[in-house]
Amino acid sequence: MLAGPHVFNFAQPVARALAAGAAFQVPDLDQAVQQALSLADDAEAQAAARQAALGSVAADQGAAARMAARLVALLDPKPAELSGSCRAGR
């Protein structure tokens, strides 16, 4: 992934991708083109970035389910009963 200098609306995911080596941040379009061409010619760098991206994505898998479980726990002190009532069709 190539990111420009302005990532304020998704700063945390970009920061994680940069830290993992799954992304590259560039200051402008010219540098983005140069970085893309450089990566296109470097199979080893592509493979490293690919592996980093896969690891980064794997670390975030299940995040939505974990967040939903936390919200249910905050909203309903008895989440087991909530699950049971949903299954029973109540």
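The values are calculated or read from the model by the stated rules, or taken from the named source; none is laboratory data. These figures come from a predicted structure and were not determined experimentally. Positions of Cβ are backbone-derived with ideal geometry, glycine not excepted, and every protein chain shown enters the neighbour counts. Only protein heavy atoms, including side chains, enter the accessible area calculation; ligands, DNA and RNA are left aside. Shrake-Rupley method; radii C 1.70, N 1.55, O 1.52, S 1.80 Å.
Miscellaneous remarks
- Flag if Gln12 is of a type outside the set (Val, Ile, Thr) and without any contact (Cβ under 8 Å) to a residue 24 or more places away in the chain: yes
- Filtered residue count, region 24-46, keeping only those that are outside any helix (DSSP H, G or I), open to solvent by less than 60 Å² (accessible area, probe 1.4 Å) and either at pLDDT below 95 or not aliphatic (A, V, I, L, M) (or both): 1
- Whichever residue in region 47-90 is among the polar types (S, T, N, Q) and open to solvent by 70 Å² or more (accessible area, probe 1.4 Å) and, among such residues, is modelled with the highest pLDDT: Gln51
- Scanning region 1-19 for residues that are open to solvent by 50 Å² or more (accessible area, probe 1.4 Å) and among the aliphatic types (A, V, I, L, M) returns Met1, Leu2, Ala15, Leu18, Ala19.
- Test: residue in region 48-61 that is part of a loop (DSSP other than H, G, I, E, B) and within 11 Å of the chain's Cα centre (by Cα): yes
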